[in-house]
1. Round to the nearest 10 and give me the degree value, 0 to 90, for the angle of helix 50-59's Cα axis relative to the longest principal axis of the chain.
2. Percent of accessible area on the chain owned by carbon and sulfur, 1.4 Å probe?
3. Cysteines without a disulfide-compatible partner in the chain, using Cβ under 4.7 Å as the rule?
4. Specify which residue in the list GLY36, SER19, ALA98 is farthest towards the positive end of the charge dipole of the chain, using unit charges on the beta carbon of Lys, Arg (+1) and Asp, Glu (-1), about the Cα centre.
5. Might you tell me the accessible area per residue for the chain, computed with a 1.4 Å probe and given in Å²?
6. When you count, for each residue, the other Cβ atoms within 10 Å and take the mean per peptide, how do 68-78, 15-25, 51-61 rank with the highest first?
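The values are calculated or read from the model by the stated rules, or taken from the named source; none is laboratory data. Bear in mind that the values here come from a model prediction, so they are computed numbers and not experimental data. When we count neighbours, we look across all protein chains shown, and the Cβ atoms used for this are built from the backbone with ideal geometry, even at glycine. Protein only, heavy atoms only, side chains kept; ligands, DNA and RNA dropped before computing areas. Shrake-Rupley method; radii C 1.70, N 1.55, O 1.52, S 1.80 Å.
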Amino acid sequence: MCGLTFDDRPDCETCMEDSCCSELQECDPNSNSDCGKLVVCLNACMSGDSACQDACIAADTSGAGLTALQAIFSCYDGNCKTTQACEYPICDSMLLFADEACAGCL
């Protein structure tokens, strides 16, 4: 484990741990890092509660937490997003799409 669990799909998580371990460690919610604190705060927000999320980001006064969190998504985009392990199935077809909401819509 590299700290923060990025994806609950084991193969996608393996890709992230293989490719982005240092970024995940920086945002470990069990750490005292700026990013770890931001992750804890964001996880406490209800899904879609942008006011709560905005308050968490505002509390990251140095901006270091948000920068580290953005580094995780950048690493994901560059290394794992388009791998089969991290793509989502479109219905029962053999087709996959990198975005879960789009795959569900299709």
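1. Here the helix axis deviates by roughly 50 degrees.
2. On the way: 3490 of 6500 Å².
The C+S portion of the solvent-accessible surface of the chain is 54 percent.
3. Those would be CYS91, CYS102, CYS105, since no other cysteine Cβ in the chain comes under 4.7 Å of theirs.
4. GLY36
5. On the way: 6500 Å² over 106 residues.
Heavy-atom SASA per residue in the chain reads 61 Å².
6. Values: 68-78: 16.4, 15-25: 18.7, 51-61: 13.3.
The peptides rank, most packed first, as 15-25, 68-78, 51-61.
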